[in-house]
Amino acid sequence: MNFREELLKIDRSIYYYDVLGSTNDQARILAEEGACDGSLVLADAQDSGKGRMGRSFFSPAGSGIWMTLILKPDILPEKASMLTLVAAVAVQKTMVDFGISSGIKWPNDIVVAGKKVTGILTEMRAEPDHVDYVIVGIGINVNMTKFPEKLESLATSMAQVRGQMFDRAQIVKRFLEYFDEYYQTFVREGNLGFLQETYNQHLIHRNKQIYVHEIRRVWPGISLGINSTGELLVRTNEGDVELRSGEVSIRGVYGYME
């Protein structure tokens, strides 16, 4: 049974495509057309996959999971970025279930042995007092055995780590089980208090020196972990600072570089 046939067995509204420019772009179109909360957009390949800050995302056919969730939560717009962290924990838990020890780089990457295995990109349309929809794009490197030369030192795949191929549909299914549980709790509670300890336990740069890249300056600090609203706490010589997702880039001296 092929990837598409297995996916369509999942009890969910799923939009599958052999090739898309970007699952996030297609999800936005579908959300505007009225796709329901929890709908999932998947492509076997992307030819214009994108990550944070306008970066491209390597998304070849037949080897990864390129998907975007369409969400319509009853939350204030300023809380939407926390869904990136919800998704990150769901992916990290899924990795563990498939025998892969991984960590989280705040706010949106899953890292194995100093290399990126998953990226998450969250976007939304909102009014000042409510969210119209949120789209959470997730790219998981599953069965790649080789990367372009410029990515070899930065990216890895589940197959490279474990030395075996994986059933991509089963990974999607397990991820959705975790994500749905966490998403429902998040919407009910309105914060990440219930996931804060778990997230911090797997934060690869917790209690380590990092470098915060802002538009006009770069400064060092010690990463302390996230708070209940998903901000990263960083200790500096002038005191503790709270960083909001999407405003800065984090780079470190611990092996993994964004």
Within segment 62-109, how many residues are closer than 21 Å to Val234 by Cα and small (Gly, Ala, Ser)?
3
For Gly230, which of the numbered conditions (1) open to solvent by less than 30 Å² (accessible area, probe 1.4 Å); (2) at pLDDT below 90; (3) among the small types (Gly, Ala, Ser) fails to hold?
(2)
Residue among Asp109, Asp97 that alone is in contact with a Lys or Arg (Cβ under 6 Å, 6 or more places away or on another chain) and open to solvent by less than 40 Å² (accessible area, probe 1.4 Å):
Asp109
Considering only segment 182-239, state which residues are touching a Pro at 6+ places or on another chain (Cβ under 6 Å) and under 30 Å from Lys72 (Cα atoms).
Val187
Residue list for segment 90-136, filter: at pLDDT 95 or above and among the aromatic types (Phe, Trp, Tyr):
Phe98, Tyr133
I'm trying to understand the selection: among the residues of segment 9-24, which are touching a residue at least 60 places away in the same chain (Cβ under 8 Å) and not charged (D, E, K, R)?
Ile10, Ser22, Thr23, Asn24
Of the residues in segment 177-226 that are β-branched (Val, Ile, Thr) and in a strand (DSSP E or B), the one that is nearest to Ala90 (Cα to Cα) is Ile226
Just need a number here: residues in segment 128-145 that are among the polar types (S, T, N, Q) and under 20 Å from the mean Cα position of the chain (by Cα).
2
Take Ser59 and decide whether it is modelled with pLDDT of 95 or more, surrounded by 13 or more Cβ atoms within 10 Å (Cβ to Cβ) and on the phi < 0 side of the Ramachandran plot.
no
Restricting to segment 216-237, count the residues that are more than 15 Å from Arg206 (Cα to Cα) and among the polar types (S, T, N, Q).
3
What are the residue pairs meeting all of these: first residue in segment 180-191, first residue at positive phi, second residue among the polar types (S, T, N, Q) and surrounded by 16 or more Cβ atoms within 10 Å (Cβ to Cβ), Cβ atoms under 9 Å, and 6 or more apart or on different chains?
none
Could we say that Leu71 is open to solvent by less than 10 Å² (accessible area, probe 1.4 Å), at pLDDT 95 or above, under 19 Å from the mean Cα position of the chain (by Cα) and under 26 Å from Met165 (Cβ atoms) here?
no
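The values are calculated or read from the model by the stated rules, or taken from the named source; none is laboratory data. Keep in mind that what you see is a predicted model, and the values were worked out from it rather than measured. Here the Cβ is made from the backbone with ideal geometry for all residues, glycine too, and neighbour counts use every protein chain on show. SASA here: full protein model, heavy atoms, side chains in, ligands and nucleic acids out. Shrake-Rupley method; radii C 1.70, N 1.55, O 1.52, S 1.80 Å.
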